[in-house]
Amino acid sequence: MSVDVLLGLQWGDEGKGKIVDYLTPNYNVIARFQGGPNAGHTLKFGNTKHVLHQIPSGIFHKGAVNIIGNGVVLDPAIFQKEILALEKFENYDASKLKISKKAQLILPTHRILDAAYENAKGDKKIGSTLKGIGPTYEDKISRNGLRAGDTLGADFMSKYEASKKRHLEILSHYDFEFDLTELEEAFLKGVEFIKTFDLIDSEYVLNAHLTSGDKVLAEGAQGSLLDIDFGSYPFVTSSNTTTAAACTGLGVAVNKIGEVFGVFKAYCTRVGSGPFPTELHDETGEKIRANGGEFGATTGRPRRCGWLDLPALKYAVMVNGATRLYMMKADVLSGFEEIKVCTHYRGKDGVLTDQMPFDLADESFEPVYETVKGWTEDLTAISTYEGLPASLKQYVEYIEKAIGLPIDIVSVGPDRDQTLLK
């Protein structure tokens, strides 16, 4: 069997968690392949909203194995808090949750380093979630990190103390006050907690599932435009968020990749700093934010909102090799008689392009829009794609033609049942 990949095609917050939850009954294994507690995957069903940060979004289906892959950076304290919050739900089964021994651990000093680095940037902050993600990946690349499997060794505390000492030396060069006491206490309790789970050699386990004919869905976090290589650098996350990261973040070969499901909103949003060509600074942007409840699931920060950006979407489709598209939050645009779509960028020389520039923060280009007909109907009670307003179906067809891929799902609300197959 092959590994299907599901990931975001914009700046994150596209609704990936809902789609993973929706698709899980079709899969035997759900595996997160990158990111950490900077992710916020929101699932809603049974009148209850769940926000997951590190746990795969298939966790509410008892038949599925859920794996936190080696490409993930794991905060034991946040993991323990997440698990304890889920234990009251009957459809949650911790016995099917497994953690890669090679997943890097986020230490308390990583979180403090994150805050110190961001504070030192002043007005050039990148908008970090301050969860310690960047410093943890930094230690991974410099070969100084601690991994989940290290917690099983008798020398774990000596390794931890050595890492802490090195981090404190770095922090001594920053004018930044901090108190490590509570963070460290929660971390050490979390370390003992994750040792009660099945810590696995995930590359062997995943490939064994494939050999036995099981279906695997790889779940990404953040979005393609936040990729450390292909995103709006330096305003990006610290990991690769594109399809290729599913191979390195899970230990599966490139020839095992099957379908690539790209998730995007009917408009665009972004959290934190960084370029956003189609951002709306007016009442329209405020209306989209209010209609969509656009506030970060992890940080609570208001999301910046704007029209759909086709050059950016086509770029993300290209670098991911997306095979199918899922459009989220179509209901948020209800009430707009006209909707704008960015089709090109115009450079300072007047030349039009539909390609992403090297530096998206370069203000020498501006978005060029086309206007399409909107819809005013309430979509949230519609149960079939055929029942959608004609103008929304035309909008879907317009995007399909521009991108060259089918849109298989249109979401008209946060609940599982508000997911329409086309």
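The values are calculated or read from the model by the stated rules, or taken from the named source; none is laboratory data. Only a predicted model underlies this, so the values are computations on that prediction, with no experimental measurement involved. As a convention, Cβ positions derive from the backbone with ideal geometry for all residues, glycine included, and neighbour counts pool all protein chains shown. To get the accessible areas, we keep the full protein, side chains included, count just its heavy atoms, and leave off ligands, DNA and RNA. Shrake-Rupley method; radii C 1.70, N 1.55, O 1.52, S 1.80 Å.
To check you understand DSSP bridge types, tell me what percent of the beta bridges within segment 298-388 (both residues inside) are antiparallel, rounded to 5. Write out the running numbers ahead of the final one.
On the way: 12 of 14 bridges.
In segment 298-388, approximately 85 percent of DSSP beta bridges are antiparallel ones.
Spelling out what I want: for every residue of segment 364-376, take phi, set θ = phi - 60°, compute 6.51 cos²θ - 1.76 cosθ + 1.60 (Karplus), and round to whole Hz; glycine and proline get x.
So the J values, rounded to whole Hz, are 7, 10, 9, x, 10, 10, 10, 10, 10, 6, x, 9, 10.
Helix 156-171 versus the longest principal axis of the chain: what angle, 0 to 90°, nearest 10, using Cα atoms?
60 degrees
Mind running the shape call on segment 104-183? Use the C-alpha gyration tensor, a ≥ b ≥ c as the square roots of the eigenvalues: rounded below 1.5 for a/c, prolate if a/b tops b/c, oblate otherwise.
Details: a/c = 2.23, a/b = 1.72, b/c = 1.30.
Taking the square roots of the gyration eigenvalues as a ≥ b ≥ c, segment 104-183 is prolate.
With a 1.4 Å probe and all protein chains in place, put Phe156, Phe193 in order of accessible area, largest first. Show your work: numbers first, answer last.
Working: Phe156 10, Phe193 35 Å².
From most exposed to least exposed: Phe193, Phe156.
Can you pull the percent of segment 236-327's accessible area that's carbon plus sulfur, 1.4 Å probe, other chains left in place? Kindly include the intermediate steps, with their values, before the conclusion.
Details: 1610 of 3110 Å².
Carbon-and-sulfur percentage of accessible area, whole number: 52.
Counting only the heavy atoms of the protein chains, how much of His41 is accessible to a 1.4 Å probe, in Å² to the nearest 10?
Rounded to the nearest 10, the figure is 10 Å².
With a/c under 1.5 counting as rounded, go ahead and sort segment 113-251 into rounded, prolate or oblate using the C-alpha gyration tensor (a ≥ b ≥ c being the square roots of the eigenvalues; past the cut-off, prolate if a/b is larger than b/c, else oblate).
Values: a/c = 2.50, a/b = 1.23, b/c = 2.03.
Oblate is the answer for segment 113-251, as a/c is 1.5 or above yet b/c matches or exceeds a/b.
Which length gain, in nm to one decimal place, applies between Ala162 and Ala381 when the Cα-Cα distance is subtracted from 0.36 nm times their residue separation? Present the calculation step by step, with values, prior to reporting the outcome.
On the way: separation 219, 0.36 × 219 = 78.84 nm, distance 5.68 nm.
Extending this stretch completely gives an extra 73.2 nm.
How much accessible surface does Cys268 have with a 1.4 Å probe, in Å² rounded to 10?
Counting only protein heavy atoms, the figure is 0 Å².
Of all trypsin sites (Lys or Arg not before Pro) in segment 274-380, which ones are in loop regions per DSSP and have a Cβ with at most 11 other Cβ atoms within 10 Å?
Working: sites: Lys287, Arg289, Arg303, Arg304, Lys314, Arg324, Lys329, Lys340, Arg346, Lys348, Lys373; in loops: Arg303, Lys329, Lys348.
Here the trypsin sites (Lys or Arg not before Pro) that fit, given the DSSP loop and packing criteria, are Lys348.
Roughly what % of DSSP beta bridges within segment 18-169 run antiparallel, to the nearest 5? Could you put the intermediate results ahead of the total?
On the way: 6 of 16 bridges.
Here the share of antiparallel DSSP bridges comes out near 40 percent.
What do you get when you divide the Cα radius of gyration of segment 173-273 by 2.2 N^0.38 Å, with N the number of residues?
Details: Rg = 18.6 Å, N = 101, 2.2 N^0.38 = 12.7 Å.
Its radius of gyration relative to the 2.2 N^0.38 Å reference: 1.46.
From the square roots a ≥ b ≥ c of the eigenvalues of the alpha-carbon gyration tensor of segment 179-238, which class results: rounded (a/c under 1.5), prolate (a/b over b/c), or oblate?
Oblate, because a/c is 1.5 or more while a/b does not exceed b/c.
Counting only the heavy atoms of the protein chains, how much of Tyr117 is accessible to a 1.4 Å probe, in Å² to the nearest 10?
Here the accessible area works out near 50 Å².
Quick one: work out the % antiparallel among DSSP beta bridges in the chain, nearest 5. Display every interim value, and only then the final one.
Working: 26 of 63 bridges.
So the antiparallel bridges in the chain amount to around 40 percent.
What's the longest uninterrupted piece of the chain once you rule out the GluC sites (Glu not before Pro) that are loop residues per DSSP with at most 11 other Cβ within 10 Å? Each step should come with its number before you reach the end.
Details: sites that count: Glu87, Glu90, Glu177, Glu363.
That would be 178-362.
Give the accessible surface of the chain per residue, rounded to a whole number of Å², with probe radius 1.4 Å and ligands, DNA and RNA excluded. Let's see the in-between values first.
Values: 17830 Å² over 422 residues.
Heavy-atom SASA per residue in the chain reads 42 Å².
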